[in-house]
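Report on one structure; see the data block that follows.
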Amino acid sequence: MFRKYDQKQQFLLPLNLDDFVPENHIARVLNDIIDAVDINAIESTYSNKGCPAYHPRLLLKILLYGYLIGIRSSRKLQQMTQTDTAFMYLSSMQKPDFHTICRFRSTHLNPIKEIFSQVVTFCKEMDMIGSSISIDGTKIKANASSRQSKTSDAIEKEINRILKESIETDKYEDEIYGDSTPYQIPEELVDKKKRLEKRT
């Protein structure tokens, strides 16, 4: 006997984004940090004119969470907001495209570096480096006063490396894919009926 498996089942109650990730998930920690940091340097660059922009805290959360778990590509980050529950939680189910994500990083690179440093420093102080997160495998030694400045230098160096990799990845993917992305199926296969026709 199998458990009921029905992909079309209806929910009796509306979904709550808070149920998307476990209580002990790193995304929750990142979410709380980004909600607490001062982002006035970023917010002050936005205009009240035109279409409403994605909130900078949303973009910071998906960028930095992606970087912490090893994702460098803005196209991949776009896909993750559609398929990964932690990203859905952080983005509040909003789905900025890769152009928006890439442009945000390029426009606000220096404030992002500073905020990223605050996030990593907090995680290090909470002994989360090397357990929940490892910053792409690089373990930063525990905080000790004699090594504090060296540790800060190591964090800054690692953050610069991650951001450089993300810029280079996006440039490479721009050359290969132009305005498209490899993380979604071709338009002609979106329709299920057409997909089945292709098989016959």
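Could you go through segment 20-38 and let me know if any residue there is more than 18 Å from the chain's Cα centre (by Cα) and over 19 Å from Y89 (Cβ atoms).
yes
Of the residues in segment 1-52, how many are assigned to a loop (DSSP other than H, G, I, E, B) and of a type in the set (D, E, K, R)?
7
From (1) closer than 14 Å to D170 by Cα; (2) of a type in the set (A, V, I, L, M, F, W, C); (3) part of a helix (DSSP H, G or I), pick out the condition that doesn't hold for I71.
(3)
Does I39 meet the test of being surrounded by fewer than 21 Cβ atoms within 10 Å (Cβ to Cβ), of a type in the set (A, V, I, L, M) and touching a residue at least 12 places away in the same chain (Cβ under 8 Å)?
So I39 passes the test.
Of the residues that make up segment 135-152, is at least one under 18 Å from R72 (Cα atoms), modelled with pLDDT of 80 or more and out of contact with any Asp or Glu (no Cβ under 8 Å at 6 or more places or on another chain)?
No, that holds for no residue.
The values are calculated or read from the model by the stated rules, or taken from the named source; none is laboratory data. Not measured: the values here are computed from a predicted model. Heads up, the Cβs are rebuilt from the backbone with ideal geometry, glycines too, and the neighbour counts pull from every protein chain shown.
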